[in-house]
Amino acid sequence: MSFFCSQNALFGMGNPLLDICAVVDKDFLDKYGLKPNDQILAEEKHKEMFEEIVKKFKVEYHAGGATQNSVKVAQWMIQEPHKVATFFGCIGKDKFGKILKEKAEEAHVDAHYYEQSQEPTGTCAACITGDNRSLIANLAAANCYKKEKHLDLAENWKLVEKAQVYYIAGFFLTVSLESILKVAKHASQNNKIFCLNLSAPFICEFFKEALMKVMPYVDILFGNETEAATFAREQGFETEDIEEIAKKAQSLPKENKKRQRIVVFTQGKEGTVMTKGFLSQLVQDKTFEQCIRAGHYAANVIIRHAGCTFPEKPDFH
């Protein structure tokens, strides 16, 4: 076993959300002005929706949030030892927070939440219609993460220092840019691997400035074709070709010159590269091809389950 696969070798920081998954009808989507396939942040008009979905449809609860899901899947692919993945994020002192802590423990993820009582634990409604799913996130407590109240504490920073690979979803740029930069700079200065996921077109568009502050520290950039296209447009890249966009993103300025930036863009069925299982192999110091194979495998398993759930053990060799 590679020494990389030790406890706390993978570090993730993001928005911990409790996923509320349900198969809904078109009327429900129309009522709240939702597209069948989208990822948005809840606005005032969506507030009632979270209550209504629970009342009206059969719901399942899962520990969620983009980054927490990714490290959870990496831990599942690795299996042993437990707690290879560390996760930081903010939750409320409430029932949903309690469920999240239990779910993280069941997944053998070493979650260290910053708990506060101003805001309730964040939720994400996953409205499933046929093959589509519309995600509406109500960040609530997830929005309240504070660098000085959590990341800067000696016992928490020690866990950051233990890690070899860092993974953060672009969604967290809306919450705590200073936390991301502190972790990214640490990774860069110590020649460790810092990964960022573009996460959603709105991040590339409305949080471009924050994104570009982090970009010099990014060793591996993830995104799907819609995010890549929005990123290219916002950067003024004169191309719509996904490979060209990847090359241009790769050549953006970079702090740590010892590692060439790797760009991974997924294109649905067209040759998917998925970050999820990818991380499990990266932590174990495997080849890039092996990382991508693992990503395909994990994506393929998870796509058959509601929410981010999976069988007890992976069958990946």
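Would you call ALA74 aliphatic (A, V, I, L, M) and under 20 Å from LEU41 (Cα atoms)?
When the stated conditions are applied, ALA74 does not pass them.
Name the residue, out of HIS82, HIS108, HIS112, that is surrounded by fewer than 24 Cβ atoms within 10 Å (Cβ to Cβ) and closer than 23 Å to SER199 by Cα.
Result: HIS112 is the single residue among HIS82, HIS108, HIS112 that is surrounded by fewer than 24 Cβ atoms within 10 Å (Cβ to Cβ) and closer than 23 Å to SER199 by Cα.
Only residues that are closer than 21 Å to ARG259 by Cβ and modelled with pLDDT under 75: list them for segment 280-307, please.
Restricting attention to segment 280-307, the residues satisfying the condition of being closer than 21 Å to ARG259 by Cβ are 280-292, 294-295.
SER280, GLN281, VAL283, listed by residue number.
May I ask you to list the residues in segment 258-276 that are under 20 Å from the mean Cα position of the chain (by Cα) and either modelled with pLDDT of 60 or more or assigned to a loop (DSSP other than H, G, I, E, B) (or both)?
Residues satisfying the conditions are ARG261, ILE262, VAL263, VAL264, PHE265, THR266, GLN267, GLY268, THR272, VAL273, MET274.
Would you be able to say whether some residue in segment 241-254 is buried (at least 16 other Cβ atoms within 10 Å of the Cβ), at pLDDT 95 or above and either part of a loop (DSSP other than H, G, I, E, B) or of a type in the set (Gly, Ala, Ser) (or both)?
Yes, segment 241-254 has at least one match.
Given the condition part of a strand (DSSP E or B) and under 22 Å from PHE202 (Cβ atoms), answer yes or no: does some residue in segment 69-87 qualify?
No: segment 69-87 contains no residue that is part of a strand (DSSP E or B) and under 22 Å from PHE202 (Cβ atoms).
Across segment 228-240, what is the number of residues that are in a helix (DSSP H, G or I) and surrounded by fewer than 23 Cβ atoms within 10 Å (Cβ to Cβ)?
Of the residues in that region, 6 qualify.
For GLY130, all conditions in the list (1) small (Gly, Ala, Ser); (2) modelled with pLDDT under 95; (3) touching a strand residue (DSSP E or B) at 6+ places or on another chain (Cβ under 7 Å) hold save one; what is the number of the exception?
(3)
Of the numbered conditions (1) at pLDDT 95 or above; (2) open to solvent by 80 Å² or more (accessible area, probe 1.4 Å); (3) part of a loop (DSSP other than H, G, I, E, B), ASP27 satisfies every one except a single condition; which is it?
(3)
Let me confirm something: among GLY33, GLY65, which residue is within 16 Å of the chain's Cα centre (by Cα) and on the phi > 0 side of the Ramachandran plot? Please lay out each step first, then the result.
Details: GLY33 fails: within 16 Å of the chain's Cα centre (by Cα).
Criteria check complete, one pass: GLY65.
Out of PHE316, PHE310, report the one residue that is at pLDDT 75 or above and either more than 30 Å from GLU60 (Cα to Cα) or open to solvent by 40 Å² or more (accessible area, probe 1.4 Å) (or both). Spell out the reasoning first.
Working: PHE310 fails: at pLDDT 75 or above.
Criteria check complete, one pass: PHE316.
The values are calculated or read from the model by the stated rules, or taken from the named source; none is laboratory data. Note that the coordinates shown come from a computational prediction; the quantities given were computed from them, not determined experimentally. Please note: Cβ atoms are built from the backbone with ideal geometry, for glycine as well, and neighbour counts cover all protein chains shown. SASA here: full protein model, heavy atoms, side chains in, ligands and nucleic acids out. Shrake-Rupley method; radii C 1.70, N 1.55, O 1.52, S 1.80 Å.
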